[in-house]
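**Student:** Take this structure first; my questions come after.
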């Protein structure tokens, strides 16, 4: 029932989400007015914090559909009631991520050019099509779930969504995988790595949102289901960690990559700190310990683990995107290089307030869309099992 | 939070209908107008000769460490303020290198290498990065959306992003805040019929003779003859991008 308290809470959440989004839009406006000179980015670090936020949201948007896929495609009854929420979160995160990506462009007002001129050799251009296509297939999928007449189409639509998101995350990984210039990238491993990371990040976001919704509605997730979701997240984290390890081990095996790996894993200051402390310890080992513990984790432990996974994702993306650019290009192998343009030197990057605010604005937009969607379209998972709090 | 399924379904339909109409109106109306604007953008430069491959031969044995005559000439020619900060545009720079094994040193001017297989052109989502028929790699300032993917893809750090509003632009070298740019091989000079880039001219005028510009495809040209006779290398030759800029002495 939409009680007065629920309605008041709804408008409060809308106001908070709207405010954060508006501040983000204001920051983007400042960036457009003054140029990127007011950010921490320069000609060495060309992609900064906005890309960290945007890529997190886009990758998580694909992964959050896990829950729907497990329900619709693999026929797991406990996941089916969660499929609509998973679809809605996908659309919301995709919108938030794209908002940040578009507003970080040097010429955001020319976004129409990106929609009317395609260089089909560009992975970016593929991604423009993949993102809009993703939104379209998810809308169709949601439709089949809500419209009783089209229920029979729900499974094929779910299958289409599943396939599309594999391609989408492959595309996101290949944005970096096809960059031959920089030592951090140019690896085919990045496509599967992004897919597996999307599983973990998406499920973590789903669990956070679900926990909040259940708490506000004073309901409780069936313990058995909670346990299953927790174990699934634990397995996804382990799989991500494995692929990250393989990525670094292959690099360490190639002598020409030794300098870069030493920089990221040991000598690079903030980057090794974020990698080991942020991604490995807080974002992977600790949540795995919480989730895969022989004694089933409680609500608080699952929520903490999911939040840690999200924090670890940001740490990893920062190391991957900014650290990958901070390490100097090897234009003259076997030589020490120096110039007034930072050749041979590690580039420094300090994100400024507009970048933080734009990134948070994207999260705010995703939050706002989720809040409105959940309220208006009634996405609360309806389990047949008793769920009221004792 | 939920009402009866029937009422919820009806509410959803009405809401979805209204939302869809709103979104369609907001998206389509300006879009129709913007497509017209986008299509009205000027056509690409025509007239480049596909038989020509413009290029540079840089003789580092004649290039003195610390000499920046070419860099200054480039930036003056193209209306760039002398760069001092990491956000300032640099179309050309001097890189001082020292071989780790032997200690051998060289001073190397680096700019866009005008690759035959340019990664910046491959990755550009809108086709703003393009290669002319005569091998010059350029950015169409009307089509660049400022995504900076080309800067991620360039192995030579040859491109700059315009980080702030510009003043005092040269009419023959249009630039724009929020766009990416780099060495054009002084395409405005070539298209006017001049024979030299600003960097090559300055280097020659100062008596160094370290930068030679010309048509690599013309066997009779000075540059083609020197490339035939002298040992020269391409930067990051392992990437097989076939740059139009060659270096002697490194």
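Read-outs throughout are calculated quantities, based only on the coordinates presented, and are distinct from any laboratory measurement. No experiment lies behind these values; they were computed from the predicted model shown. Every residue, glycine among them, receives a Cβ derived from its backbone with ideal geometry; neighbour counts consider all protein chains shown.
**Student:** Report the calculated FRET efficiency for residue B:230 and residue A:132 (r = Cβ-Cβ distance, R0 = 60 Å), to the nearest 0.05.
**Tutor:** 0.70
**Student:** At what distance in nm do the modelled label points of residue A:189 and residue A:153 sit from each other, each positioned 7 Å from its Cα along Cα→Cβ?
**Tutor:** Label at residue A:189, label at residue A:153, 4.3 nm between them.
**Student:** Could you work out the mean count of beta carbons from other protein chains within 10 Å of each residue's beta carbon in A:340-352?
**Tutor:** 3
**Student:** Right, here's the next one. For the residue pair residue B:49 and residue B:239, what label-to-label distance in nm results when each label sits 7 Å from Cα along the Cα-to-beta-carbon direction?
**Tutor:** 2.9
**Student:** How many Cβ atoms of partner chains, on average, are near each residue of B:161-170 if near means within 10 Å of its Cβ?
**Tutor:** Numbers: counts 8, 4, 10, 5, 4, 1, 0, 0, 0, 0.
Mean partner-chain Cβ count within 10 Å for B:161-170: 3.
**Student:** Right, another one. For the range B:45-154, what does the equivalent ellipsoid look like in terms of its semi-axes, each the square root of 5 times an eigenvalue of the Cα gyration tensor, given largest first in whole Å?
**Tutor:** 27, 18, 16
**Student:** Count, for each residue of A:322-333, the Cβ atoms from other chains sitting within 10 Å of its Cβ, then give me the mean as a whole number.
**Tutor:** Per residue, the number of nearby Cβ atoms from other chains is 3 on average.
**Student:** In Å, the Kirkwood hydrodynamic radius of the range B:118-169 over pairs of distinct alpha carbons? Walk me through the numbers on the way to the answer.
**Tutor:** Values: mean 1/r = 0.0852 Å⁻¹.
Computed over Cα pairs of the range B:118-169, the Kirkwood hydrodynamic radius comes out at 11.7 Å.
**Student:** For the range B:54-248, what proportion of DSSP beta bridges, expressed in % and rounded to the nearest 5, is antiparallel?
**Tutor:** 85
**Student:** If we sort A:305-312, A:60-67, A:122-129 on the protection proxy, mean other Cβ atoms within 10 Å, highest first, what's the order?
**Tutor:** Packing proxy ranking, top to bottom: A:60-67, A:305-312, A:122-129.
**Student:** By average Cβ neighbour count within 10 Å, what is the ranking of A:273-279, A:261-267, B:166-172 from highest down?
**Tutor:** Values: A:273-279: 19.4, A:261-267: 17.0, B:166-172: 11.0.
So the peptides A:273-279, A:261-267, B:166-172, ranked by packing, come out A:273-279, A:261-267, B:166-172.
**Student:** Also, quick follow-up: Hey, could you get me the Stokes-Einstein D for chain A, Kirkwood radius over alpha-carbon pairs, 10 °C and 1.306 mPa s, rounded to whole µm² s⁻¹? The partial results should precede the final answer.
**Tutor:** Numbers: Rh = 21.9 Å.
This corresponds to a translational diffusion coefficient of 73 µm²/s.
**Student:** Another question, then. Where q = 0.10, 0.15, 0.20 Å⁻¹, what log10 of I(q)/I(0) comes from the Debye formula for the range A:240-349, counting one point per Cα?
**Tutor:** These q points yield log10 I(q)/I(0) values of -0.37, -0.71, -1.04.
**Student:** A further question on this structure: For a quick check: sort A:195, A:372, A:237 by the number of other beta carbons within 10 angstrom, fewest at the front.
**Tutor:** A:372, A:195, A:237
**Student:** For the range A:110-221, what D do you get in µm² per second when you plug the Kirkwood radius from alpha-carbon pairs into Stokes-Einstein at 37 °C and 0.692 mPa s?
**Tutor:** 199
**Student:** Using Cβ contacts closer than 10 Å as the measure, can you line up A:21, B:102, A:169, B:204 from fewest to most?
**Tutor:** In increasing order of surrounding Cβ atoms, one gets B:102, B:204, A:21, A:169.
**Student:** Let me ask something additional. Measuring from the lowest to the highest alpha carbon on each principal axis, how far does the range B:54-248 reach, largest first, in angstroms?
**Tutor:** Result, largest extent first: 42, 39, 33 Å.
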